[in-house]
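*Asks:* The following block contains the structure, expressed as structure tokens.
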Amino acid sequence: FQQNKVEQLRQRLVYLGATRKEHKKHITEEVDLYFTAPHRDFIKTRECLRIRTSEKGNELTYKSATTDAMVSAGQFWKQEINIPLCGNVRDTEQLLLALDFSRVAEVRKKREMYRLGNQNVAIDEVTGVGFFVEIESFAKNKDDRARVRDENMACLTKLELEKESNVSEPYRDLVIRASKTHQRSSS
């Protein structure tokens with residue numbers, strides 16, 4: 001997503017009647033630490049294990065694997081388990097490292113949230129990678145997925161965003177690839 005299109009998108013959201021989700025600050029910042037393990041490579045299985053630090057609080061998150069059907073549909077319907085971290089994030093990271101997990105990426109992003117109908121629309125600026133728009137809504141059950149996917153695609157159209165520009169990789173993988181590219185060009 002091009003930076004010069006961010007303001008156009010904001011204007012389009014306002015025009016469509018989207019409401020900005022209120023936070024202490026206009027734009028929130030999130031830092032995600034991603035992990036993998038020798039007994040289960042979360043990059044290969046396309047799963048997610050992360051610690052998120054944000055103004056809303058800290059949490060440990062697991063997301064189930066991305067399937068080929070999700071990638072071909074350009075939509076992702078994943079089970080997500082979020083565990084609030086009351087203690088020190090550093091202690092949680094130390095626990096994972098002691099259990100033979102290793103940190104594979106750190107994703108820093110600035111997020112601006114809107115609500116448009118049933119969809120949450122996020123404008124994300126991911127450090128070192130660029131701008132992205134994430135459209136998210138929640139299915140009540142497996143039978144509800146098709147309806148939610150259709151609504152998300154309709155939202156994409158309303159926002160005048162091109163389906164072809166969909167990115168099917170998680171920010172974690174984009175950051176890892178950008179880091180490797182930067183390392184090669186620095187050598």
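*Asks:* Scan Arg12, Arg46 and give me the residue that is basic (Lys, Arg), surrounded by 12 or more Cβ atoms within 10 Å (Cβ to Cβ) and within 16 Å of the chain's Cα centre (by Cα).
*Replies:* On inspection, the qualifying residue turns out to be Arg46.
*Asks:* Within the group Glu47, Glu55, which residue is touching a strand residue (DSSP E or B) at 6+ places or on another chain (Cβ under 6 Å), touching a residue at least 12 places away in the same chain (Cβ under 8 Å) and of a type in the set (D, E, K, R)?
*Replies:* Glu55
*Asks:* Then there's this: Could you go through segment 19-41 and let me know if any residue there is in a loop (DSSP other than H, G, I, E, B) and touching a Cys at 6+ places or on another chain (Cβ under 8 Å).
*Replies:* Checked against the condition, which is being in a loop (DSSP other than H, G, I, E, B) and touching a Cys at 6+ places or on another chain (Cβ under 8 Å), segment 19-41 yields no hits at all.
*Asks:* Looking only at residues that are of a type in the set (Gly, Ala, Ser) and open to solvent by 20 Å² or more (accessible area, probe 1.4 Å) in segment 114-135, which one is nearest to the chain's Cα centre (by Cα)?
*Replies:* Gly130
*Asks:* Could you grab me the full set of residues in segment 87-104 that are open to solvent by 60 Å² or more (accessible area, probe 1.4 Å) and at pLDDT below 85?
*Replies:* Of everything in segment 87-104, just one residue is open to solvent by 60 Å² or more (accessible area, probe 1.4 Å) and at pLDDT below 85, namely Asn88.
The values are calculated or read from the model by the stated rules, or taken from the named source; none is laboratory data. Note that this is a predicted model, so its numbers are computed, not measured. Neighbour counts run over all protein chains shown; Cβ positions are idealised from the backbone, glycine included. Side chains are part of the model used for accessible areas, which takes the heavy atoms of the whole protein and leaves out ligands, DNA and RNA. Shrake-Rupley method; radii C 1.70, N 1.55, O 1.52, S 1.80 Å.
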